[in-house]
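The values are calculated or read from the model by the stated rules, or taken from the named source; none is laboratory data. Remember, it's a predicted structure, so these values are computed and weren't measured experimentally. All Cβ positions, glycine included, derive from the backbone under ideal geometry; neighbour counts span all protein chains shown. Note: accessible area is taken over every heavy atom of the protein model, side chains too, but ligands, DNA and RNA are not part of it. Shrake-Rupley method; radii C 1.70, N 1.55, O 1.52, S 1.80 Å.
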Amino acid sequence: MKEKKNFIIVGIGELLWDCLPDGKVLGGAPANFAYHAAQFGLESYAVSAIGKDSHGREILDVLAEKRLNHLVESVDYPTGTVQVTLDNNGIPAYEICENTAWDNIPFTAQIKELAKTCKAVCFGSLAQRSKVSRETILHFLEYVPNDSLKIFDVNLRQHFYSKEIIHHSLSRCNILKINDEEVIIVARLFGETIQYPEIFEQDFCRKLLKAYGLKIVIETKGAAGSYVFTANETSYIDTPKVQVVDTVGAGDSFTGAFTAALLQGKTIREAHRLAVDVSAYVCTQQGAMPGTTAL
């Protein structure tokens with residue numbers, strides 16, 4: 001058995017309260033990613049910002065309770081909240097407040113030093129909706145070592161994305177995580193004509209892999225399974241049938257588990273299998289950060 005190395009993993013971007021029908025739970029895709037990578041023994045950090053308010057203080061309490069390392073700055077904006085509604089299948093819809101703390105993440109000396117030691121970082125498009133946080137994310141990526149994993153989780157929400165942000169993010173990552181709905185949206189932004197979605201999705205993922213010189217493209221398709229594409233292989237795994245409570249954070253748990261497995265020497269197929277199992281389990285729990293160490 002290979003020895004676990006103490007790699008530093010970072011999720012940078014939004015950190016907020018997901019306000020679900022049964023109450024609020026801590027969320028934000030980068031923080032979810034960092035939490036799930038930490039479940040596999042890696043030194044993970046959430047990098048974001050909170051407000052100087054009760055919501056912000058509660059976030060720090062929950063991060064401490066979940067033992068998630070963080071560089072979270074307190075700024076003069078309200079802590080982020082998202083109203084989450086669930087359909088009959090537990091699929092969430094989001095109403096995301098604007099001009100919040102995580103839109104204003106400052107690039108500090110501590111964050112710069114963290115970037116220099118980072119072995120994997122996950123970032124998305126949502127936190128890049130504002131100039132301040134976008135520049136902090138891009139500065140962070142500049143200091144991450146060249147041999148590290150730079151994961152762009154597209155994570156399209158509402159109208160908070162653009163072709164320019166997606167293109168620049170693809171140019172700065174070496175792993176892309178995208179879901180089937182996002183594939184179609186991104187393809188249309190890039191001027192593609194779509195006739196047969198199922199075939200098109202795979203072809204477009206391979207096209208992005210080649211065009212941007214990526215190491216890996218991950219496409220998740222909810223109950224219809226998931227793909228992992230590399231230059232030399234394609235891995236497909238069915239999604240397990242489980243009793244879904246909600247799917248909040250399932251994709252983030254997939255990415256966190258997949259990244260942890262890769263860094264611990266697993267093959268693409270092994271990492272894919274673990275990611276599928278973890279994300280299926282998260283769907284059976286409420287909220288984005290249930291404990292998964294028993295898996």
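Exactly one residue among 137, 178, 105, 151 is touching a Cys at 6+ places or on another chain (Cβ under 6 Å) and open to solvent by less than 10 Å² (accessible area, probe 1.4 Å), and that residue is 151.
Of all residues in segment 237-258 being closer than 14 Å to residue 218 by Cβ and modelled with pLDDT under 90, which is surrounded by the fewest Cβ atoms within 10 Å (Cβ to Cβ)? I'd like the intermediate steps shown before the answer.
So in segment 237-258, the residues closer than 14 Å to residue 218 by Cβ come out as 237, 239, 250-258.
Remaining after also requiring modelled with pLDDT under 90: 250-251.
Details: 250: 24, 251: 27.
So, considering only residues that are closer than 14 Å to residue 218 by Cβ and modelled with pLDDT under 90, the one surrounded by the fewest Cβ atoms within 10 Å (Cβ to Cβ) is 250.
Here residue 146 meets the list (1) open to solvent by 10 Å² or more (accessible area, probe 1.4 Å); (2) among the polar types (S, T, N, Q); (3) touching a Ser or Thr at 6+ places or on another chain (Cβ under 9 Å) almost entirely, failing just condition (3). Across segment 163-219, the qualifying residues are those that are over 19 Å from the mean Cα position of the chain (by Cα) and among the hydroxyl-bearing types (Ser, Thr, Tyr), and the one among them that is modelled with the highest pLDDT is 212. Screening residue 46 with (1) in contact with a His (Cβ under 7 Å, 6 or more places away or on another chain); (2) more than 24 Å from residue 176 (Cβ to Cβ) gives one miss only, at (2). Look at residue 188 and say whether it is surrounded by 13 or more Cβ atoms within 10 Å (Cβ to Cβ) and of a type in the set (Lys, Arg). No; evaluated as a whole, the condition is false for this residue.
Does residue 85 satisfy being in contact (Cβ under 8 Å) with a residue 40 or more places away in the chain and over 25 Å from residue 242 (Cβ atoms)? So residue 85 does not fit the description; no.
Listed here are the residues, each with its yes/no results for (1) out of contact with any Leu (no Cβ under 7 Å at 6 or more places or on another chain); (2) part of a helix (DSSP H, G or I); (3) at pLDDT 95 or above.
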site	(1), (2), (3)
26	yes, no, no
35	no, yes, no
44	no, no, yes
50	no, no, yes
70	no, no, yes
90	yes, no, no
99	yes, no, no
114	no, yes, yes
118	yes, no, yes
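Restricting attention to segment 242-266, the residues being in a loop (DSSP other than H, G, I, E, B), within 14 Å of the chain's Cα centre (by Cα) and either more than 15 Å from residue 284 (Cβ to Cβ) or hydrophobic (A, V, I, L, M, F, W, C) (or both) number 1.
Residue 7 passes every criterion in (1) touching a Gly at 6+ places or on another chain (Cβ under 7 Å); (2) touching a residue at least 60 places away in the same chain (Cβ under 8 Å) apart from (1).
Count of segment 53-74 residues, restricted to those that are open to solvent by 60 Å² or more (accessible area, probe 1.4 Å), in contact with a helix residue (DSSP H, G or I) (Cβ under 8 Å, 6 or more places away or on another chain) and over 12 Å from residue 31 (Cβ atoms), is 2.
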